[in-house]
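**Student:** Take a look at this one; I'll ask things after.
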Amino acid sequence: MNTSVFSRGSLRTRRSRSVWYSAAVGLAVFAVIFVGFSRTFYLGFVFHARHLDWLLNLHGLLMTGWFVLFFVQVTLIGIHRVALHRRLGWLGLILMLLIVTVGTIVDIRSAAIALHGPADGGPPPLLFMGFLLAALVLFASFVSAGLAMRRTRGYHMRFMILACLSIVGPGLFRIPFQTVPALAFLSTGGPFGLFGLDLLLLYAAIAWDTLRNRHLHPAFAIGAVPLMLMDTPLSGAIFGSAAWTNAAHWLVSLAR
């Protein structure tokens, strides 16, 4: 009996399942972002949204480009074009650096505008800026870890999935769950901050992967902790502290 045939078949089956799994998680995250930004970016022409300047449009295009590249990379694995997948990985690095750079400028500038504009009923500008910048740090960290472990497929795939999950928050915040009281907890995360839609997606991704492989992968064990802490009162205390407020005021002063 030729066991190599069975081993190759088993490998292809596992790879196919991983492709569908990665695509499903990426699609779920992008769906939240698309809905959240539909009124202001994706479908702004339908909702007669105000005109966005070039920097905000660039930010939106870069974020969309990340998901386009993610789905292209997943597809390349699915059709066994691993070499091309690895070559395009450097495009992912460049895109990540652009997203972090432009996103940081946008977040600081938006906080500066909110501080000097009329109150809109949203979260305190400096606190919200802290959350957004922390999300960019996590995104950059996960992408960097994924690229560093590109030869270790299990870690690479999961760190890239975590990178997608780390940037779902801004889209989630803009979905008007508050208009449906039964769904309001998806935006606020409830009293403990651990049940927001961003973390429900994280839990679902980890649970499916763990059940499929019968163990919790170390990449998810490592990555889940900072993502969960982002939704707890601890992060609110950090970004509401005097130390962060002083630092944030300094950053905002640079945008003037």
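**Student:** Can you give the Rg to Rh ratio of segment 23-128, both from alpha-carbon atoms, with Rh computed by the Kirkwood formula?
**Tutor:** On the way: Rg = 16.7 Å, Rh = 15.9 Å.
Rg divided by Rh gives 1.05.
**Student:** Further question on the same structure: One-quarter of the Cα convex hull surface for segment 117-223, in nm²?
**Tutor:** Dividing the Cα hull surface by four gives the mean projection, 8.2 nm².
**Student:** Next up: Expressed as an acute angle from 0 to 90° and rounded to the nearest 10, what is the orientation of the C-alpha long axis of helix 3-36 relative to the principal long axis of the chain?
**Tutor:** Between the helix axis and the principal axis of the chain, the angle is about 10 degrees.
**Student:** Still on this structure, I have one more. What's the angle, to the nearest 10 degrees (0 to 90), between helix 218-230's Cα axis and the longest principal axis of the chain?
**Tutor:** Compared with the principal axis, the helix lies near 10 degrees.
**Student:** Which value in Å does the Kirkwood hydrodynamic radius of the chain take, with 1/r averaged over all unlike C-alpha pairs and then inverted?
**Tutor:** 19.6
**Student:** So how compact is segment 66-159: Cα radius of gyration and Dmax in angstrom?
**Tutor:** For segment 66-159, the Cα-based Rg and Dmax read 17.1, 54 Å.
**Student:** How far is helix 242-254 tilted off the main Cα axis of the chain, in degrees rounded to 10, range 0 to 90?
**Tutor:** Helix 242-254 sits at roughly 80 degrees to that axis.
**Student:** Now for a different question. At 0.36 nm per residue, and after removing the present C-alpha to C-alpha distance, how many nm does the segment from Thr75 to Phe47 gain when stretched out fully? Kindly include the intermediate steps, with their values, before the conclusion.
**Tutor:** Numbers: separation 28, 0.36 × 28 = 10.08 nm, distance 3.31 nm.
The span from Thr75 to Phe47 would gain 6.8 nm if fully extended.
**Student:** Taking other Cβ within 10 Å of each residue's Cβ, how do Phe71, Phe139, Phe47 sort, fewest first?
**Tutor:** Listing Phe71, Phe139, Phe47 from fewest to most nearby Cβ atoms yields Phe47, Phe71, Phe139.
**Student:** Also: Based on alpha-carbon centroids, what's the gap between segment 89-139 and segment 146-161 in Å, whole number please?
**Tutor:** The distance from the Cα centre of segment 89-139 to that of segment 146-161 comes to 25 Å.
**Student:** For n ≥ 4 DSSP H runs only, could you compute -39500 (n - 2.57) per run for the chain, divide by its residues and tell me the 222 nm figure to the nearest 500?
**Tutor:** Value at 222 nm, helices only: -25000 deg cm²/dmol.
Quick note: the coordinates plus some simple rules give every number you see, no bench work behind them. Values in this document were obtained by computation on a predicted structure and should not be read as measured data. In this analysis, Cβ positions are derived from the backbone assuming ideal geometry, glycine residues included, and neighbour counts consider all displayed protein chains.
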